[in-house]
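Reading through the structure tokens given below for one structure.
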Amino acid sequence: MAAPLLLLQNIKLAIGSTDLLDGAELSVGAGERLCLVGRNGSGKSTLLKVAAGLIQPDGGERFAQPGATIRYLPQEPDLSGFATVTDYVEAGLISGEDPTRARHLLRELGLTGDENPSTLSGGEARRAALARVLAPSPDILLLDEPTNHLDLPAIEWLESELKGMRSALVVISHDRRFLQTLSRATVWLDRGRARRLEQGFAAYEAWRDELLAQEERDRHKLDRRIAMELDWVRHGVSGRRKRNQGRLARLGEMRRERREQLRATGNVVLNASHAANAGTRVIEAKSVSKSYGDAAIVTSFSTRILRGDRIGIVGRNGAGKTTLIKLLTGRLPPDSGEIFLGANLAIAELDQTRALLDSDATLSSVLTGGSSDTVQVGDQKKHVVSYMKDFLFLPEQARTPVRVLSGGERARLLLAKALATPSNLLVLDEPTNDLDLETLDLLEEMIADYPGTALIVSHDRDFLDRVATSVLMAEGQGRFIEYAGGYSDMLTQRGEGVTAREAKAAAKAAQPPKERRKSETRRKLSFGEKHALETLPARMAGLSAEMERLRTALADPALYAKDPKRFSVLSKELSTAEAELAVSEERWLELELLREEIEGGAV
């Protein structure tokens, strides 16, 4: 077996009185693809910094092969001290290396290189940092949350670029799809130690759950031993106190072990506070448009959002997703068209910029508003410390200022604040940023169980597949099209990738006018489009008839009193039918307009 390029052995590091890393190990061979996973606060970023040589551990050894090039991407890149982005990127090159690849990567990532680093957005800074670490084609790439602040086209480009490189990878990410695509081995950092699985992330969760199940079995055995020792203490220690101090010490050690096990396997508890239900029709938009100057942000957009819908909104950064959210929630008036908001609408919002958090405020004051020591969660009041525990905060953190929290802890605090707000409409802007995988699982379950409606802006493809009932895709030039299902369903219905349609439009725009007209007249409806155009009217008629039947049944004033369960089932069926009809109508209208455009161009 070849010697590893990078080796960490028995790494120990404490923060205050807490052992963050306690014998952690990491081995990276040439061309290996590792994902580094673990809970927020488990020390993943710290271990990656040790691997990069940026942090000196309290104990243990770090070995890197002489001459091996290692590049590290931090969560928050520092571009200060450089006049332009090009200067920053080229500073990461190996001495004497041709800067051509660096400039090519900048163009691929949508940057010219002439930008002033101090004026970059978070997403632009992340793109510049990626160009800097990728340009030298290093032997080892250490990437800490590389997809944060990137839009879907950039994420898919990055996946393709990394797959084509020969560099070894160690990746920390909350993006399941990204990890599944790239990883070939998994390192799980848990309670200061690293466990390795020689399979990619797709096998990780089943492996982790089996290990935790074995620990649970061992814990039950330990509980029985503790009970036996306690019985001995009560009945036998008095006469043999001096001789049996060792046994008492072992009991204390078992108790400490038990407390550590319980602490390590604690779970975030996510429950959203519910306001009174809004009507069945939560939001309806009719031919809504919004422009800023000559730029069309939203064009002739229509939709009907019903109670219980989970709408994912995706597209490039700057495509108008935030503007669309503001229009749909009534915070921004449209230039034309109408927005109808349902009765009793109560909105809770998660802001991805974390602008809602005062850095000098304490956790307790953020959650309570500073007026008391209780939090109203649904129809009950909880002490703020108890509510904090639901989100894995320790009681002593109640007076901790927000500024000292990690990115993951801030994300959990924002979730706690948003979910404590009574609502029937959740607006979640990049809710998965900085959350660990276990918290993501629970967030998905919470959204699935939430009785209201959710609007979710996200670049996390796996998350959208798990929670969205439909996806609004920003197709460019202010056009948003709704697709039933999650992200993968959207790709299937589009028949092409996220960037393919934009690439086609750009290629068509670059054609001479005469050739463009020829290509446009040659456009024909596909077999699937023709089939949908022919079958959708019957489908819509059937849905309308079904809705009429359900409405007639629900109109019976005695139904709820006689059979509330049947009333609930019929209500859900009606909501589903209304949603399916809205999607079918939208698809039929899109295809009918396309048919008319093709036939008109062919004349």
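With the other protein chains left in place, how much accessible area per residue, in square angstrom, belongs to region 536-595 at a 1.4 angstrom probe? Walk me through the numbers before you get to the answer.
Working: 3640 Å² over 60 residues.
Per-residue value: 61 Å².
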Handout entry: Charged-residue dipole, Cβ positions (Lys, Arg, Asp, Glu), region 78-191 about Cα centre, Debye nearest 20
Key = 400 debye
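With the radius of gyration and the Kirkwood radius both derived from the Cα set of region 405-446, what is their ratio Rg to Rh? Kindly include the intermediate steps, with their values, before the conclusion.
Numbers: Rg = 10.2 Å, Rh = 10.8 Å.
Ratio of gyration radius to Kirkwood radius: 0.94.
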Practice task
Just grab the label-to-label distance for F63 and E592, each label 7 Å out from Cα along the Cβ direction, in nm (one decimal).
Solution key: 7.3 nm
Completion exercise
Taking S118, S386 and ranking on accessible area (1.4 Å, protein atoms only), highest first, one gets S118, S386
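Here is the link list: K163/K326; K286/K572; K49/K389; K44/K389. Which ones come out longer than 27 Å on Cα distance?
Exceeds cut-off: K163/K326; K49/K389.
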Fill in the blank from the handout: For H104 the rounded accessible area (nearest 10 Å², probe 1.4 Å, non-protein molecules ignored) is 80 Å²
Completion exercise
With all protein chains in place and a 1.4 Å probe, D556 shows an accessible area in Å² (nearest 10) of 60 Å²
Problem - Carbon/sulfur fraction of accessible area - region 1-84, other protein chains in place, 1.4 Å, % - result: 49 percent
Handout entry: Spin-label zone in region 55-92 - amide nitrogen under 12 Å from a point set 7 Å from the Cα of S118 along the C-beta vector
Key = 80-84
Practice task
Assuming 1.306 mPa s and 10 °C, estimate D for region 89-232 with Stokes-Einstein, Rh taken as the Kirkwood radius over Cα pairs, in µm²/s.
Solution key: 88 µm²/s
Handout entry: Karplus 3J(HN,Hα) series, Hz, for region 580-596 with 6.51 cos²θ - 1.76 cosθ + 1.60 (x for Gly, Pro)
Key = 5, 5, 4, 5, 5, 4, 4, 5, 4, 4, 4, 5, 5, 5, 5, 4, 5
Fill in the blank from the handout: Taking alpha-carbon centroids only, region 559-581 lies from region 285-309 a number of Å equal to 29 Å
Completion exercise
Measure of exposure for F301: accessible area at 1.4 Å probe, Å² rounded to 10, is 10 Å²
Problem - Cα convex hull of region 34-119 - mean projected area over all directions, nm² - result: 8.1 nm²
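Could you please report the charge total around G113, scoring K, R as +1 and D, E as -1 over all other residues with beta-carbon less than 13 angstrom from its beta-carbon?
That works out to -1.
With +1 assigned to the C-beta of every Lys and Arg and -1 to the C-beta of every Asp and Glu, and no other charges, what is the dipole magnitude of region 532-593 about the Cα centre in debye, to the nearest 20? All intermediate terms of the calculation are to be shown ahead of the outcome.
Values: 8 positive and 12 negative charges, 97 e Å.
In debye, rounded to 20, region 532-593 gives about 460.
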Problem - Positive-end residue of T69, L130, A154, charge dipole of region 32-164 with Cβ unit charges - result: T69
Problem - Cα-based Rg / Dmax (Å) for region 1-61 - result: 11.9, 39
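The values are calculated or read from the model by the stated rules, or taken from the named source; none is laboratory data. Note that the coordinates shown come from a computational prediction; the quantities given were computed from them, not determined experimentally. Virtual Cβ from ideal backbone geometry, glycine too; neighbours counted across all protein chains shown. Just the protein is used for accessible areas: all its heavy atoms, side chains included, with ligands, DNA and RNA removed. Shrake-Rupley method; radii C 1.70, N 1.55, O 1.52, S 1.80 Å.
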